[in-house]
Amino acid sequence: MSQPIIQIKNLTKTFVNGDRITSVLKDITLNIEEGDFVALVGRSGAGKSTLLYQMSLLDMPTSGEVIIDGVLTNELSNDERTDFRLYNLGYVFQDYAIIPELTALENVALPLLMQGLSREAAFARASKTLGDIGLGDRLDNLPSGLSGGQQQRVSIARALVHEPKILFADEPTANLDSESGELVMNLFLELNSRGQTIVLVTHEEEYARQAKQVIRLSDGEIVK
C-alpha cells in the first residue's frame, strides 16, 4: 500500500512576541492521499493558512514532522527546501503574486527558467499551459491589462507549468467576483479530475463543498 503524498505528524506552530506566546497550530496530525482535493476551512484566525504554509514548506513548524512524497522535509537545508518547492510544489495566492513588469507568458515561464530550461523550451511550455486554461490570446499582456480573474488564471498556469506533485492554493477566489471565482474552482475541479493533488484554503463554504475532503479547523486544532 502506497503512503500518503502528505503526512503531517504532531505539528505545532507558535509565535513569540515579547513575553506573549501564541499557539496557532496545536498537535495537528493528518494524511492527504495522492490525487485528493482537500479544502481547509474555519473562521479567520483558525490556523488554516498557517497550516498550509507549514505543509507547503513556505514556513517551518515549531515542532512535528512534514513528510511529502516520502521525504522528511524537516531535515532539508534551506537550499534543499527551495529546490524541493521549485520542482515538486505549485502555489496560488489570494493576491495573484505575479510580477507586474512581466507579460503573462514571461510570468508563467519563470519557474521553468529557474529550473534551467532554455528560454525557447520554457516559453513553448508556458504558452501551451496558458492556452490550456483559456488565455492563449493573452500571452503578451501585462498584468495591468488583465482582469482579476485572468490574473489569477495566469498565477494558476505558473503554478502548474512545471507539473507539480501538489498544488497549494491560499484563498484563491477571495479577490474575485462570483463568476471569476467559479471559473477558478471549475479549473481546480478539472485539474483534480486529471489526477492533480490540490490543497485549498477557503472561507467560502460553497467552494469547500466541491472538494473531496473538508478539514475544519478551530483555534489551531482539527475539529472535523
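I need the shape label for segment 145-207. Rule: rounded when a/c is under 1.5, else prolate if a/b > b/c, else oblate, with a, b, c from the alpha carbon gyration tensor. In terms of gyration-tensor shape, oblate.
Stretching the chain fully between D19 and D140 yields a gain of 38.4 nm (0.36 nm per residue, less the alpha carbon separation).
Compared with the direct C-alpha span, the chain from T62 to Q115 gains 16.1 nm at full extension, assuming 0.36 nm per residue.
Peptides 195-203, 130-138 ranked from most to least packed, by the mean per-residue count of other Cβ atoms within 10 Å: 195-203, 130-138. Springs join every pair of Cα atoms under 10 Å in this Gaussian network model of the chain, and among A121, A104, A39 the largest mean-square fluctuation is at A121. Of interest is the spacing of the C-alpha centroids, which for segment 203-224 and segment 1-55 amounts to 12 Å. Result for the chain in a Gaussian network model with C-alpha springs under 10 Å: among P100, P111, P164, the largest mean-square fluctuation is at P100. One compactness figure for segment 20-117 is 1.25, namely its Cα radius of gyration divided by 2.2 N^0.38 Å. Computed per residue of the chain from DSSP H runs no shorter than four, each worth -39500 (n - 2.57), the mean residue ellipticity at 222 nm is -10500 deg cm²/dmol.
For segment 48-98, the gyration tensor built on C-alpha atoms gives an oblate shape. Its axis ratio a/c (a ≥ b ≥ c) is at least 1.5, and a/b is not larger than b/c. A P(r) calculated from all alpha carbon pairs of the chain, with 10 Å bins opening at zero, reads 8, 33, 35, 20, 4, 0 percent. If you line up the long axis of helix 178-193 against the longest principal axis of the chain, both from Cα atoms, how many degrees apart are they, to the nearest 10? Once rounded, the angle reads 80 degrees.
Say R0 is 22 Å: what FRET efficiency, to the nearest 0.05, do A174 and E221 get from their beta-carbon distance? Between A174 and E221 the formula returns 0.40. Taking a ≥ b ≥ c as the square roots of the Cα gyration tensor eigenvalues, segment 73-202 comes out oblate, since a/c reaches at least 1.5 and a/b does not exceed b/c. Computed over segment 4-71, the range of Cα coordinates on each principal axis works out to 42, 26, 19 Å, biggest value leading. Model label points for N10 and V71, set 7 angstrom from Cα along the Cα-to-Cβ axis, are 2.4 nm apart.
Surface listing: M114, M55, M60 arranged by accessible area from highest to lowest gives M114, M60, M55, probe 1.4 Å.
The values are calculated or read from the model by the stated rules, or taken from the named source; none is laboratory data. The shown structure was predicted, so the numbers you read here are calculated from the model rather than taken from an experiment. Here the Cβ is made from the backbone with ideal geometry for all residues, glycine too, and neighbour counts use every protein chain on show. Accessible surface is based on the protein model in full, side chains and every heavy atom, while ligands, DNA and RNA are left aside. Shrake-Rupley method; radii C 1.70, N 1.55, O 1.52, S 1.80 Å.
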